[in-house]
Structure formats: C-alpha cells, structure tokens
Amino acid sequence: MSEFKQTFNSSLGKKLIMALTGLFLCTFLIVHVGGNLLLFKNDQGFAFNSYANFLTHFPPIEVIAYLLYLAIIVHAVYALVLTISNRRARPIGYAVVNKSPASWSSKNMGLLGSILLLFIVIHMGDFWFTYKYNNILGFKEYRTNLGTNETVVSDYKPETPDFERSISTENNVEIVRVKDLHARISSSFSHLWYVAFYVIAMGAVSFHLLHGFQSAFQTLGWVHRKYKPIIYFVGTWLFAVIIPLLFAAMPVVYFIQSLSK
C-alpha cells in the first residue's frame, strides 16, 4: 500500500492522474456536445428540456456526474501542484519532454486551465446549480398529437413545489410537462459579454486539448509509431477543432436569434 501511495505521490504518479482524469473529461465532452446539439432543434426546447431532466434524474447518470465533478477537481488540483513543483525545480512539460520546441499551448497550460476552471464555475452555477437547486426556472407543457405529430407548447404552473416532470396521454395526445432550462439558456446567451466569454473559453478548450490529449497518451505510454498519427489526428481535429467549434456555435446562434426578437 505504501508503494502504491508513493507511486501516485511522485511526479510521474501525479502526471498519470492528470492523464487519466483528462481523458475521462474528454469522453464527457463528446457526450456533452451531443446533448447540446439538441438545442439546435426547432422544437421550442422540447428535446433539450427532456434531455436535461433525464441527466438529472437517472441514477446511473447522476453517479457518473459526481465522478465528473471529482475528476474536474482532481485534475485542477494536480495541475496546480505540478505547476508549482515544476517551477521550483526545472521547466518540464505537461507529460514528457520533447526534443522539438514546445508549442504555445504546452507552455501556457496553466493559463488555459485557469480560464477553463473559471468558465466551469460560472457555467455550472448558471445552468446546473440553477436547474438543480434554484426554483427560479419555469415549466413548459408540450402537447403532441400522436396522429399528426404536431406539438403545441405553453407555460405550465405545477400544483406542487416538488414537481419535476410528468408524461401522460389523453385522447391520443401525449402531454409532457418539464422544467424549462431552455429558457434559461436563451436568456443567458442574449448577453454579448456572456457569449464573448463563452467563445473565449472554447478557444481555451481548443488549445488546452491540442496539447493535453496527445500528452495524456504519451504519459500513459500509449503512443506507438503505428498509431501516433491517429492520436494526433483525433486530438487535433476532433477535440481541438470540431468540439470547441460546436460548443462555441451554440451561444453565437442564440445571441443572433435574440437580436431579431
């Protein structure tokens, strides 16, 4: 047990923890951006509100969510510890020392990580905390005619304060009543400063993952000459380009839509 503890207290052990938590957060980004794409459906928030309710009320997902929060904290703490110890000793990379010149992203992982941590705190406070613990959100009622597939949307006022969601069918009409997180998103993304900060944060995500994804594989020793190009391709195009762009598109689109209202 002491050897295990000593290993993970070492510099290499801390980097292994950083790599594992980082890759776990990368898998979350794929799922999260997929869910956020529901915001682009022209259904007045029906799909996204149902998705948000599922995430916050399905027990296995809730367990994974708390593991995610733990991973974020551990990743941030170990990043800080490694940064401080590296500056006290000598400047070494996030994972391994390369013979090639360090990239801008690798030399500024601390700055990028700080921007992301601030973003996560604001983002979770505005959406997750508000959804879970703040009763300021309203409710929507979606009535879908199962014959014509037409949906009528209206505001809904729950009869009990602990109401979360209900689904019923009356006269071939499906009735879904759910908390309206979509309205909160529309309101938040109608403010230019918030949209600008969100886009800047997604730029930080891009540069952070441009170095971090590849570095995590190097730290874990999962880099083989045959598969290295695949890792670099996925790290660059999926995590540093496509995912940040999809996240950034969401507030921009909603802000443009708010200008026409």
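Before moving on, here are some points about what is shown:
- Tally, over region 124-154, of residues that are free of Cβ contacts under 8 Å to residues at least 40 places away in the same chain and not aromatic (Phe, Trp, Tyr): 16
- Residue check, Ala216 closer than 27 Å to Leu238 by Cβ and surrounded by fewer than 14 Cβ atoms within 10 Å (Cβ to Cβ): no
- Residue identified as in contact with a helix residue (DSSP H, G or I) (Cβ under 6 Å, 6 or more places away or on another chain) and either assigned by TED's automatic domain parsing to the domain that holds Ile84 or hydrophobic (A, V, I, L, M, F, W, C) (or both) among Leu192, Leu146, Leu209, Leu118: Leu209
- Screening region 155-252 for helices (runs of 4 or more DSSP H) wholly inside it with 2 or more residues that are more than 17 Å from the chain's Cα centre (by Cα), under 30 Å from Lys14 (Cβ atoms) and touching a residue at least 12 places away in the same chain (Cβ under 8 Å) returns the ranges 192-220, 228-233.
- Between Glu159, Glu174, the distinction of being at pLDDT 90 or above and not basic (Lys, Arg) belongs to Glu174 only.
The values are calculated or read from the model by the stated rules, or taken from the named source; none is laboratory data. None of the values given here were measured: they were computed from a predicted structure. So basically every Cβ, Gly included, is an ideal-geometry build from the backbone, and we count neighbours across all protein chains shown.
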